[in-house]
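This report concerns only the one structure given below.
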Amino acid sequence: MFRYYVVLLTAAMLSAPVHAERRPVLDQIDLPHPYYFREMYLPQLTSGPSSLAWAPDSAELIYSMSGSLWRQKMGATDAFQLTAASGAAYDYQPDWSADGRWVVYSSYRGDAVELWLLDLKSGASRPLTSNGAVNVEPRFSPDGTRLAFVSTQYHRRFHIFTGDLVDGKLANVKRLTGEYKSGLPRYYYSAYDHEISPVWSRDGRDIVFVSNRNHLYGTGGFWRIASNVAATGTGGAAVGEPGSADAAQEFHYEETNWKARPDVSPDGSRLVYSSYLGRSWHNLWVMPATGGDAFPVGYGDWDQTNPRWSPDGTRIAFISNQQGNTHIDIERIPGGDIQTVNIGDRHYRSAMGRLHLDVKDREGRAASARISVTDAAGRFYAPANAWVHADDGFDRNQRTAEAHYFHTHGDEWVDVPAGIVSVEILHGLERKFERRRVEISAGLAAELAVNIDEGTWIVPGPGHWVSADVHVHMNYGGEYRNTPAHLAEQARAENLGIVDSLIVNKEQRFPDIAYSGLRQDQASLPTALVVHGQEYHTSYWGHLGLLDISGGVILPGYVGYPNTAAASLNPMNADIADIAHARGALVGYVHPFDDYPEPIAKPHEALTSELPVDVALGKVDYMEILGFSDHRSTAHVWYQLLNLGFRIPAAGGTDAMANFASLRGPVGMNRVYVRTPEGEISQAQWLDGLKQGRSFATNGPLLGLALGGAGIGDELKFDRAQREIKFTVSLRSIAPVDHLELVCNGLVVKSFAVRAPIDHGDFSGSIGLSTSGWCVARASSDQSRYPVLDNYVYATTSPVYVTIAGRAPRSPEDARYFAAWIDRVTEATSAYPDWNNPGEKHDVLERLARAKAVFIGLQ
């Protein structure tokens with residue numbers, strides 16, 4: 001994938017530039033691909049437990065749940081709230097001191113994560129750090145006098161620190177690990193090594209942690225370092241220098257993925273940790289504390305994470321998502337029997353009431369929606385069993401924290417504080433965004449009824465339109481465990497007709513491999529189909545979406561992985577497209593560009609995307625114009641291909657990891673509407689409509705376009721140039737747009753939002769066309785605009801094509817651009833070292849040359 005949050009301000013053919021005010025959550029961390037470590041490593045807000053700690057006598061647990069710390073005795077069901085931070089703050093990752101007095105935890109507040117200390121005797125909490133960084137995974141030393149934790153305070157990267165706990169304050173904070181820049185060709189991880197997940201040896205002399213030093217893939221192996229050293233410099237220091245990376249020793253390696261989090265047994269002999277070794281899910285494994293061969297003590301097609309050994313050594317408590325949401329399981333060692341902690345009555349620290357949500361349609365039947373409930377301070381609340389989701393970024397000028405939400409069907413009960421709460425209701429893009437205020441009285445219930453059919457509108461273009469998100473991953477290493485039935489419920493709440501669930505690898509795993517070859521899932525709902533496909537995942541040539549592919553996933557699912565048997569660049573994406581087409585799939589390029597490629601202006605910049613090659617060779621059925629990329633940059637390239645006569649439909653795919661707690665939008669945030677025949681939703685008819693270009697892609701605005709009586713995807717043919725062709729452009733949007741335009745052959749020929757942002761309108765007029773080409777309608781904003789959880793609002797139709805006097809479109813400048821593009825790809829590919837044999841390299845370079853010849857012929 002590409003860096004998502006860089007917005008390119010370029011090219012006259014694009015509409016007004018975007019103000020880059022929306023930034024990622026906790027963007028003070030300087031690591032690539034934040035959507036991975038943010039979800040898989042940093043604590044997340046969930047309605048169920050997310051992390052835990054044992055009491056020194058093994059008789060109680062303290063755990064994080066719903067953003068607060070809770071205390072519960074073993075064998076009891078009552079849970080007692082220990083922290084209730086004011087404002088939009090959420091508490092996580094407790095650790096209990098051996099003397100039973102203190103609990104240290106990480107608290108997300110004020111756009112940072114700081115360490116706090118809870119005095120269990122007084123019930124008061126105080127901050128331990130205030131460095132504005134991300135400080136997580138605090139652990140007491142066995143004697144309770146010191147802390148180890150991970151912080152980004154040094155160069156905005158994850159390193160381990162220690163400090164002394166003196167009279168409830170943190171003193172003498174020192175960086176334990178040095179910083180080392182690796183020369184390995186990492187893609188998903190920083191060139192700089194990281195150190196995470198510290199845990200003390202039982203004698204307090206050493207700290208065990210996880211680091212990716214010397215490793216290309218994953219978060220690394222298991223290391224040990226003396227706890228009394230302090231870092232004095234960066235990597236490259238002499239072996240044995242105190243605090244340098246070389247002072248630590250690796251004692252066990254396997255590929256980990258942020259969630260290993262080792263814990264030492266009370267007798268100091270063993271480590272329990274979470275691993276996916278040879279599997280697609282994280283389960284519990286145990287190995288000798290000094291290293292050796294590991295074996296599993298947990299099994300299942302679900303995650304078992306955050307393990308903690310009871311101080312008496314008889315049990316391991318951990319977080320499980322076996323039922324979808326998170327809960328606490330406790331396994332007896334030895335024995336293996338597992339019991340789930342039953343959380344019953346919740347006893348709050350402050351006065352609470354209850355909100356009863358009742359969501360129905362006009363016929364009085366239970367209906368679905370996306371809901372957000374916040375108090376006056378902006379803190380979020382959800383039903384006890386709801387999957388909580390959070391936006392992955394936000395505009396600090398518009399709000400103080402990211403938006404949270406949950407999906408519901410029918411009625412829900414939510415515990416909320418006394419006072420005024422705000423309830424936001426959204427049901428896709430065909431209903432107005434609604435915000436209601438409800439007054440809550442302590443100890444009482446308040447009712448809120450929602451008619452989901454009120455405030456709705458239809459797609460403004462003629463015909464029957466069905467929406468789909470062509471790029472969703474059902475499971476991808478997130479907090480939750482998703483299923484097709486639950487994915488269908490997510491789609492129904494978002495008023496999304498079809499979910500294309502793309503099976504894909506995450507490191508060594510294919511979490512959804514069990515659904516390979518099933519295509520339309522039997523758990524589909526009449527109004528929300530789940531269809532299994534594949535994302536072909538090579539970061540050299542570019543990622544492909546393979547929609548509705550039969551015969552199972554194509555393996556291996558990637559090429560160009562250095563130091564593996566898939567290091568070669570063969571097969572090309574063109575080969576994969578041929579295999580997928582033979583299996584009945586549609587093939588498209590997904591999340592194409594975050595920056596506009598400039599092969600002529602910047603000839604020395606690396607460029608490896610195969611997109612124009614495959615377009616020239618007739619392999620591409622669609623492009624995600626809206627996706628996990630910059631929509632304007634992608635549209636710029638798309639326009640240039642259209643200018644050369646290539647007919648490529650516009651699609652929309654969110655790249656939503658639908659089992660994440662912190663994700664880039666819900667399913668359907670980026671979607672594509674396709675005109676289909678009336679009746680029940682049919683995947684076959686929908687795919688045919690997409691291939692024919694009867695589509696528009698959007699993250700909010702609904703568009704209609706008619707030109708000379710032709711609709712989206714149709715073709716107009718004239719014998720001569722036309723001075724006057726009538727058009728209509730229509731808009732209905734959940735968020736206002738700053739620009740609504742008719743674009744022909746890459747140029748804006750009509751603008752309709754000229755005085756102020758608009759959210760609806762119907763416009764008509766006429767234009768003249770003298771050359772063959774295309775026209776689209778598009779809408780956009782200059783910045784993020786809630787409730788669209790994207791960098792900015794954007795929508796575009798696929799083209800209406802125009803042919804005059806039988807001539808093909810012609811654009812020599814664009815042809816030269818793509819020929820230069822392929823030159824840059826050829827240069828990089830010629831220098832690539834890891835081929836299985838010379839014949840592979842020859843075949844790849846020959847195909848690149850053949851594609852370039854197509855563009856040379858178009859000049």
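The values are calculated or read from the model by the stated rules, or taken from the named source; none is laboratory data. What you see is a predicted model, and the numbers here were worked out from it, not measured in a lab. No Cβ is skipped: glycine too gets one built from the backbone with ideal geometry, and neighbour counts run over all protein chains shown. When the accessible area is computed, the model is the full protein with side chains, heavy atoms only, and any ligands, DNA or RNA have been set aside. Shrake-Rupley method; radii C 1.70, N 1.55, O 1.52, S 1.80 Å.
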**Overall Cα dimensions of the stretch 618-681 - principal axes, largest extent first, Å** = 42, 35, 19
**Volume of the Cα convex hull of the stretch 349-411, divided per residue and given in Å³** = 122 Å³
**Request:** With 5 Å bins from zero, work out the P(r) of the stretch 558-684 over every alpha carbon pair and list the percent per bin.
**Result:** 2, 9, 14, 18, 20, 18, 11, 4, 1, 1, 0
**Request:** Please list the equivalent ellipsoid semi-axes of the stretch 613-725, computed as the square roots of five times the alpha-carbon gyration tensor eigenvalues, in descending order and whole angstrom.
**Result:** 27, 18, 14
**Greater than 21 Å apart at Cα, pairs in Lys432/Lys691; Lys726/Lys750; Lys691/Lys841; Lys181/Lys506; Lys432/Lys750; Lys121/Lys169** = Lys432/Lys691; Lys691/Lys841; Lys181/Lys506; Lys432/Lys750
**Fill in**
Candidates for Cα extents along the principal axes in Å are (i) 87, 59, 53; (ii) 90, 69, 46; (iii) 109, 80, 56, and the calculated one carries label (ii)
**Message:** Between Ala684 and Arg647, how high is the FRET efficiency from 1/(1 + (r/R0)^6) when r is the Cβ-Cβ distance and R₀ = 22 Å? Nearest 0.05.
**Reply:** 0.60
**Request:** Can you spot the aspartates and glutamates whose alpha carbon is less than 15 Å from Lys852's alpha carbon? Ignore those fewer than 8 places along the same chain.
**Result:** Glu610, Asp614, Glu813, Asp814, Asp823, Glu827, Asp843
**Message:** Could you tell me the ratio Rg/Rh of the stretch 246-363? Both radii from Cα atoms, Rh via Kirkwood.
**Reply:** 1.14
**Item:** Where N is the number of residues in the stretch 731-859, Cα Rg divided by 2.2 N^0.38 Å
**Value:** 1.51
**Item:** Label-point separation, Arg349 to Asp99 (7 Å along Cα→Cβ), nm
**Value:** 2.2 nm
**Item:** Selection from Val825, Gly300, Gly344, by position along the positive dipole direction of the chain (Cβ)
**Value:** Val825
**Request:** Just read off the accessible area of His389 with the full protein assembly in place, 1.4 Å probe, to the nearest 10 Å².
**Result:** 0 Å²
**Request:** May I ask what percent, to the nearest 5, of DSSP beta bridges between residues of the chain are antiparallel?
**Result:** 85 percent
**Prompt:** If the viscosity is 0.890 mPa s and the temperature 25 °C, what Stokes-Einstein diffusion coefficient in µm²/s follows for the stretch 292-341 when Rh is the Kirkwood radius over Cα pairs?
**Reply:** 215 µm²/s
**Asked** Using helices alone, what [θ] at 222 nm do you get for the chain, with -39,500 (n - 2.57) per DSSP H run of 4 or more residues, divided over all residues and rounded to the nearest 500?
**Response** -3500 deg cm²/dmol
**Prompt:** Setting aside same-chain residues fewer than 8 positions from Lys360, which aspartates and glutamates have a Cα under 13 Å from its Cα?
**Reply:** Asp411, Glu412, Asp453, Glu454
**Asked** Taking the Cβ of Arg379 as the center, what net charge do the other residues with Cβ under 13 Å away carry, scoring Lys and Arg +1 and Asp and Glu -1?
**Response** -2
**Request:** Multiply the residue gap between His409 and Gln522 by 0.36 nm, knock off their C-alpha separation, and tell me the result in nm, one decimal place.
**Result:** 38.7 nm
**Asked** Under a 1.4 angstrom probe, counting protein chains only, how are Glu827, Glu60, Glu179 ranked by accessible area, largest first?
**Response** Glu827, Glu60, Glu179
**Message:** Calculate log10 I(q)/I(0) of the stretch 491-546 for q = 0.14, 0.24 Å⁻¹, where I(q) comes from the Debye formula with a single equal point scatterer on each Cα and nothing for solvent.
**Reply:** -0.43, -0.95
**Message:** Pairs of alpha-carbon atoms within less than 8 angstrom and 6+ residues apart define the contacts here; what relative contact order does the stretch 221-380 have, in percent?
**Reply:** 11 percent
**Fill in**
Projected onto their principal axes, the Cα atoms of the stretch 468-595 stretch, largest extent first, over whole-Å spans of 43, 33, 33
**Asked** Accessible area of Asp143, 1.4 Å probe, to the nearest 10 Å²?
**Response** 110 Å²
**Request:** Provide the FRET efficiency to the nearest 0.05 for the Arg807-Arg435 pair, computing r from the beta carbons and using R0 = 60 Å.
**Result:** 0.70
**Message:** What is the sum of charges, Lys and Arg at +1 and Asp and Glu at -1, for the other residues whose Cβ falls under 13 Å from the Cβ of Ala124?
**Reply:** +3
**Asked** For the chain, what's the relative contact order in percent, using C-alpha pairs closer than 8 Å and at least 6 residues apart?
**Response** 10 percent
**Asked** Quick one, what does Rg over Rh come out to for the stretch 58-201 if you take C-alpha atoms and the Kirkwood Rh?
**Response** 1.01
**Message:** Report the per residue volume, in Å³, of the convex hull enclosing the C-alpha atoms of the stretch 105-189.
**Reply:** 116 Å³
